[in-house]
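Asker: This is the structure I want to talk about, given as structure tokens.
The values are calculated or read from the model by the stated rules, or taken from the named source; none is laboratory data. Worth saying up front: this structure is predicted, and the values here are computed from it rather than measured. All Cβ positions, even for glycine, are placed from backbone atoms using ideal geometry, and neighbour counts span all protein chains on display. These area figures cover heavy atoms from the full protein model, side chains too; ligands, DNA and RNA do not enter into them. Shrake-Rupley method; radii C 1.70, N 1.55, O 1.52, S 1.80 Å.
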Amino acid sequence: MKVMLLDFGATPFGFSCSCSKMTIKVMVLVFHFLLLLESCFCAFNLPIWKKQLKYGSSLVFPLAGNVYPNGYYQVTLEVGQPPKPYFLDIDTGSDLTWLQCDAPCAKCTPAPHHLYKPHNNVVTCKDPVCTSLHWPENHPCHDPNEQCDYEVAYADNGSSLGVLVKDTFPLTFTNGSIVAPHLIFGQEVPASTHTPFTDGILGLGNGKSSIVSQLSGLGLIRNVVGHCLSGQGGGYLFFGDDVLPSSGIAWRPIEKTYSEKHYSLGPAELLFDRQATGVKGLPIIFDSGSTFSYFSSKAYDILLSSIKKNINAKQLTDAADDKSLPVCWSGSKSFKSVNDATIYFKPFTLSFMKAKNVEFQLLPEAYLILTEHGNVCLGILNGAEVGLGNYNLIGDISLLDKMVIYDNERKQIGWLPTNCNKLPTSHDYGEEYYDAYPTNIGIYERDMSCKV
């Protein structure tokens, strides 16, 4: 049996140490009342506030998916009471998490699970998360009880619109604690467009509406998120900094911009096989919601030209009949894996101009895919052709087999080569405890031993 302790000072209720019989009776009555209160909390599954989580605790989730042919990596999260599983596409390029809503529709996108059913848990337009979604514009809120509508657009011209709601997310931490915080997310209406075969998007940006920002605001984790995408498919996602290695990470500050919330790393110079290409000042963004990488028009043209000049026509020829991606090559015989073709290509490097010796290398396997036809295609695309302008997105294909860390506490992004097929283990930060459950944040611990 676990008893909730109340601390009113050095002595109970501020009384002196010379306790009278009346005082003892009062204390006994209070003790029995607390036992009764806890049994009620257990019976009705209400919050029990405790000091449980260790400073530095994290969350680790296995991932499924691949760059090709799936085109996305997904995590399974449970939502609601009783908890139900949902597949979410992980996206560091956006903040808001959303699920498809169980509402009448004629052209709903296929989903792997039953759609989320709302139950009078709407977030009002006065909520700070609602305000952050509409910043820098002023969102009209005529009635404090009015629901918060949202609409978000994505770089691939997809979109999501709906209403903000709040529900429980049962989570298991690396130290064994299980809690279910009430978190805000989007309840999408059927008219939106997005990637099929998932139930929604897990927004991992650094805005207030991000699940990671909300968990950090509740005192459950540090505001750190990261992923490790395996080139063989799968990998893992993590929240918090308990699983970070102690050395070997290359760090870059997150560039601050007025209206954008992207994970921007600042200007970089593009090198081909360690040689200058003349392309400098490329603003770089890491975006796990993008399957492929995208360069601005000039950088893309020079990159493609550099590759083609280096190719031996006797070994590789254009595969114009393969429409998997805009630029593909075939060998003298079908390739069985990307590794079979990498010997014919050279690496690219992004050398960050505001830092010494900080580089992000793109080996051939970080920009090539193997198609079902046995050809290889260039997984770096012209961003101008999809409306990205001067943005340069580093997508999943170029993030494979690296642990990538987005540290919103220290405003920096880091990466290092890692075996993404093995889940990380948490580190022991000692016995420093802190209050992980401040009053009225809607967190409870699943405790199956609640007995009186």
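Asker: If packing is taken as the average number of other Cβ atoms within 10 Å across a peptide's residues, how do 229-239, 310-320, 349-359 rank, most packed first?
Answerer: 229-239, 349-359, 310-320
Asker: Placing +1 at every Lys and Arg Cβ and -1 at every Asp and Glu Cβ, with all other atoms neutral, what dipole size does segment 294-409 have around its Cα centre, in debye to the nearest 20? Display every interim value, and only then the final one.
Answerer: Numbers: 11 positive and 13 negative charges, 102 e Å.
Here segment 294-409 has a charge dipole of around 480 debye.
Asker: Also: At 1.4 Å probe size, with the rest of the protein present, what percent of the exposed accessible area of segment 195-236 is carbon and sulfur atoms?
Answerer: Ligands and nucleic acids excluded, carbon and sulfur reach 49 percent.
Asker: While we're here: Once neighbouring chains are kept in place and the probe is 1.4 Å, which whole percent of the accessible area of segment 337-427 is contributed by carbon and sulfur?
Answerer: Numbers: 1850 of 3940 Å².
Carbon with sulfur: 47 percent of the solvent-accessible area.
Asker: OK, next. How many percent of the alpha carbon pairs in segment 329-418 exceed a separation of 19 Å?
Answerer: Details: 2110 of 4005 pairs.
Here the tail beyond 19 Å accounts for 53 percent of pairs.
Asker: Could you state the accessible area per residue of segment 345-385 in Å², with a 1.4 Å probe and every protein chain left in place?
Answerer: 41
Asker: Cβ neighbours within 10 Å, averaged per peptide: list 268-280, 214-226 in order, most packed at the top.
Answerer: Descending mean neighbour count gives 214-226, 268-280.
Asker: Another one. In Å², and per residue, what accessible area does segment 267-341 have when probed at 1.4 Å with the other protein chains present? Display every interim value, and only then the final one.
Answerer: Numbers: 3840 Å² over 75 residues.
About 51 Å² of surface per residue is accessible.
Asker: Which percent of the accessible area of segment 254-312 is formed by carbon and sulfur heavy atoms (probe 1.4 angstrom)?
Answerer: Numbers: 1250 of 2690 Å².
Of all accessible area on segment 254-312, carbon and sulfur atoms account for 46 percent.
Asker: Let me ask another. How large is the accessible surface of V386 in square angstrom, using a 1.4 angstrom probe and rounding to the nearest 10?
Answerer: In the full protein context, V386 sits at about 60 Å².
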